[in-house]
Structure formats: C-alpha cells, structure tokens
Amino acid sequence: MPSLGRLHLVTDTRPGRDPLTVVRAALTAARADLVVQVRVEDSATDREAYDLAGRVLALCARYGATCLVNDRLHVALAVGAAGGHVGADDLPVAAARHVLGPTGVLGATARAPETAVAAVTAGASYLGVGPCHATSTKDGLPDPIGPTGVRAVADAVDVPVIAIGGVTAARVPALRAAGAYGVAVVGALSAATDPAAATAELLRALA
Ligand SMILES: Cc1ncc(COP(=O)(O)OP(=O)(O)O)c(N)n1
Ligand SMILES: Cc1nc(C(=O)O)sc1CCOP(=O)(O)O
Ligand SMILES: [Mg+2]
C-alpha cells in the first residue's frame, strides 16, 4: 500500500460551495501529496456522488494524488477510487474492509483510544480523529478533544492518525506534536480566498 499523504482535503458540497475549483487549486499546490476525500451531503443521490467522485478522481489522477470516498463504498469501487472512509453511522469497519478488499485504503473515525484500537483490529488503515477543535462545518459533533485527545488515540495505535475538525495551519504544529500523522480539512481550504496558497501553507506546517 503506498504511503498516505499528510494533507486530506474533504470536499465541501454545501450549497454555494464549488468543490471542484477548490480541489483543482489544492492539487496545483500539493500535487501527489494530496488526499482528496469526496464527501457529499447525506441528501445527495448516489448518482450525484458518483459523478463528483469520478470528476475528482480524474483530477487526482493527473497529479498522482489519492482519491477516497466518504461513506459510500460502492461509489468508491464504482469509480475506482483508492478507498474510503467510514464512521459510526456507516458500514462497520470489518464490513468496509470486506467490501474494499485487502489493499484498499480504509479510514475509520475514532474519538477515543478504545474505539481506535477496535477499528484498527477490524481493518482500518488510518484513523480520522476529532473533532480536534470547534467547527461549524458539521453539526451534531461531540465536544472537541483537542491535542490531548489526539495524543491518547495516537499513543494507542500504530496506523496514521489524521486530525480533523477546526484544523488550521496555525493549529497543525500542536496536532503533530500530539502524534497526528496528518490533518483533514474542509473549511481551511473551502473558505480560503486563495485555496492554492492555503494548501501550500498547510503543507509547510505539516513538513
Ligand atoms: C479524515 C476523516 N475523519 C473523520 C471523518 C468523519 O467521518 P464520519 O464520522 O463518518 O462522519 P461523516 O463525514 O460521514 O459525516 C471524515 N469524514 N474524515
Ligand atoms: C466531516 C467532519 N468530521 C468531523 C469529525 O470530528 O468526525 S469534523 C468534520 C468537519 C471538518 O470540517 P472543518 O475542517 O471545516 O472544521
Ligand atoms: Mg460517515
């Protein structure tokens, strides 16, 4: 399995957003180092998810970047993405591993060491850990776990920990010091006036 990129861009498909423009800009700055996770609203149809994932995958392929699909593993398989990401409301990790096969990249959300260990045992190849900080991008999340919570998970597992939730370039050093291998962002790139420059800033912080 190729090594995982440290910067994960999760697509923002809320009304009024332009995910493909952000993905294009981020790819010009990060190229093969970027992981793009195609995440659509729950209300999106599978056809909409498939169409977006296919377009993102084609962009990623130009740069050698990695494309993952959130939640909808059948869409990941249908477009030929490198893998997917699941959380508590999605397929269980072991079932997701079965669907993706032994070589697919499989991310699982974990918010505490116990669930993290269980996810890795069940076949997760990386963990998304958060919310690290408050975020307005997603509703219904538990309280932020901060770098301390990230450290608790990172100390418990031997797969890459990707910190998510309210991540900015300024917050990256503390997350890395806490054991995060990388970070996943929505707003830090989607809301940036210059997403390519913001990508470069995040990469510098991660280096
Ligand atoms: C890298 C990363 N970490 C966590 C999540 C959250 O996944 P999940 O808990 O399944 O929530 P939704 O994103 O599906 O709303 C993620 N997508 N990526
Ligand atoms: C999709 C998602 N999942 C989270 C989790 O903690 O599980 S936080 C999150 C949204 C992250 O967006 P932003 O970078 O704008 O804060
Ligand atoms: Mg999910």
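All of the numbers you see were taken from the coordinates with simple rules; none came from a lab. From a predicted model like this one, the values you see are computed outputs, not experimental measurements. Reconstructed Cβ throughout: ideal geometry from the backbone, glycine too, with neighbour counts over all protein chains shown.
The single condition among (1) more than 15 Å from ligand 1 (Cβ to nearest atom); (2) assigned to a helix (DSSP H, G or I) that PRO102 does not meet is (2). Of all residues in region 1-22, those that are free of Cβ contacts under 8 Å to residues at least 40 places away in the same chain have Cβ atoms under 8 Å from Cβ atoms of residues that are not β-branched (Val, Ile, Thr) and not in a loop (DSSP other than H, G, I, E, B), 6 or more apart or on another chain, in THR13/PRO19; THR13/LEU52; LEU20/LEU52; LEU20/ARG55; LEU20/LEU59. Here CYS132 passes the criteria (1) surrounded by fewer than 22 Cβ atoms within 10 Å (Cβ to Cβ); (2) within 18 Å of the chain's Cα centre (by Cα); (3) away from ligand 3 (no atom under 16 Å from the Cβ) except the one numbered (1).
The lone criterion from (1) over 21 Å from LEU73 (Cβ atoms); (2) within 13 Å of ligand 1 (Cβ to nearest atom); (3) in a loop (DSSP other than H, G, I, E, B) left unmet by VAL159 is number (1). Report yes if VAL40 is surrounded by 12 or more Cβ atoms within 10 Å (Cβ to Cβ) and touching a helix residue (DSSP H, G or I) at 6+ places or on another chain (Cβ under 6 Å), otherwise no. Against the criterion (surrounded by 12 or more Cβ atoms within 10 Å (Cβ to Cβ) and touching a helix residue (DSSP H, G or I) at 6+ places or on another chain (Cβ under 6 Å)), VAL40 qualifies.
Would you check if there is a residue in region 122-143 being in a helix (DSSP H, G or I) and within 16 Å of ligand 2 (Cβ to nearest atom)? No, region 122-143 contains no residue that is in a helix (DSSP H, G or I) and within 16 Å of ligand 2 (Cβ to nearest atom).
If we scan region 158-165, do we find a residue that is surrounded by fewer than 21 Cβ atoms within 10 Å (Cβ to Cβ), farther than 21 Å from VAL38 by Cα, away from ligand 2 (no atom under 12 Å from the Cβ) and over 17 Å from the mean Cα position of the chain (by Cα)? Scanning region 158-165, I find at least one residue that is surrounded by fewer than 21 Cβ atoms within 10 Å (Cβ to Cβ), farther than 21 Å from VAL38 by Cα, away from ligand 2 (no atom under 12 Å from the Cβ) and over 17 Å from the mean Cα position of the chain (by Cα), so the answer is yes. Among the residues of region 28-52, those that are of a type in the set (A, V, I, L, M, F, W, C) and assigned to a strand (DSSP E or B) comprise LEU34, VAL35, VAL36, VAL38.
Of everything in region 70-90 that is within 12 Å of ligand 2 (Cβ to nearest atom) and part of a loop (DSSP other than H, G, I, E, B), the residue that is surrounded by the fewest Cβ atoms within 10 Å (Cβ to Cβ) is ASP89.
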